[in-house]
C-alpha cells in the first residue's frame, strides 16, 4: 500500500467527522474542559496575564484600548452575533420563521423558556446583593450549537420536525438574548456615537435598497462604522453586529431561471470549444474564458447574505466559539468552590436552566395547545416537546457571555 492511499485511509474518517455538525459541539466541550484544566494549573498565572494585556490603536486624537479578554468578548463575539443575524434574516425571509403556522409554537416556547428561568433566578436571589440580582439574564439563553449538536448525535432517527422546532426556538431565543443585552446590560450611553452608528447603519440599508452588492462595502461600513461607533457609545457592540447583518442584501443579481438558461448556454459553448485541440491537460483560452464566466454567473446567483453565512460559519464554530470558551470557561476550583457552587447565584442559574427551561417551554406550549393558539406540528408529539425542552437547558456560550456582562466581582463571575 502506497503512502497516498494510507494517508487517505487515515484522514477520510477524520474529515467526515469534522464535517459533521456534532464536531463543533465536541470542539466547544473540549475547549471548555481544557480552560477548566488550565485555570487550575500553574499556567493560570500566565493565562490571566495574557488576557489582561491592553491592546488598542490610535488614529490622530482617537484612541481605543481594551484588554485581550474584552476584545474577545466584544470583538470576536460580534462575529458570532453577526452570523446569528444573518441566520435570523434568512429564516424570516425564506425559512421556517417566514411561515406563520410554524412560528407561533416556537415563539410561545421561547418566551416561556426565557421568562420562567429569569423568574426562578429572581425568586432564589430575592433579598440578596444587588450585584447578584444582575445575573437574572444568565439562565434565559439557549446555546444553539450545543443543543443542535446533541440532537444530531441521535442520528437520522430524529424527525425533521424536531430539528426544525429546536432550530426556530433557539433562533428566537438568541434574538431575545440580543435584546436583553441591548436593554439591560449596557453601560452609560453616548448619544453622539450612537447617532453616528445609526446614520451609518441607515446608509447600509440605503445602499442595499439601491442595489449595491459588494460585500467589501458593507464590511467597511459595518465594522469601521456601525460596530466601532456602537462600541464607543456604551451599547454592547454585539447588538451592532446583528443590526449590520440585517442590512446585508438577501436578493440575487441573477434569478434561478436566468441562471439555468445561462449555464446551459455556457456549457454548450464549452462542449464545442476547440474540438480539434489534442492537449488533454491544459485548457484553451476560450475554455478558460467560459469557465471564468460560469464562475461569475454562479457567484451572482447567490445572495451576499447566503455567501457570508456559508463562508463565516466555519470561522465561528471552529475559532470564535472555542476561543471564547477558552477565555471565559476557566473557573478556579479552590477551597471556596463548594461555597461558590452552593451560592444563590449558582443555584439560581442551575435551577433556572434545568427547571425553568422545561417548565417554561413544555408548560407554555402545552397551555397554548389547550387554548388552541396553535396546533401540534405533524409528526410532533408531547414526548418530543419534553425532549426539546431539556435540550434548551444547555446555555453554555450565551450564558457565559451574559455572565461576563452581568458581574464584575470574581466571586460571582
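Conditions tested, residue by residue: (1) at pLDDT below 85; (2) within 23 Å of residue 242 (Cα to Cα).
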position	(1), (2)
13	yes, no
40	no, no
46	no, no
50	no, no
58	yes, no
62	yes, no
70	yes, yes
96	yes, yes
99	yes, yes
Please find, within the range 190-219, the residue that is modelled with the lowest pLDDT out of those that are loosely packed, with under 12 Cβ neighbours inside 10 Å and closer than 27 Å to residue 67 by Cβ.
-> 191
Name the helices (runs of 4 or more DSSP H) wholly inside the range 267-384 in which the number of residues that are within 30 Å of residue 27 (Cβ to Cβ) and at pLDDT below 80 is 3 or more.
-> 337-341
Filtering the range 36-82 down to residues that are touching a helix residue (DSSP H, G or I) at 6+ places or on another chain (Cβ under 8 Å), more than 22 Å from residue 143 (Cα to Cα) and part of a helix (DSSP H, G or I) yields 38, 39, 44, 47, 50, 51, 68
Checking residue 305 against (1) surrounded by 14 or more Cβ atoms within 10 Å (Cβ to Cβ); (2) farther than 17 Å from residue 87 by Cα, the condition it does not meet | (2)
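The values are calculated or read from the model by the stated rules, or taken from the named source; none is laboratory data. Values in this document were obtained by computation on a predicted structure and should not be read as measured data. Cβ atoms come from the backbone with ideal geometry, glycine included; neighbour counts cover every protein chain shown.
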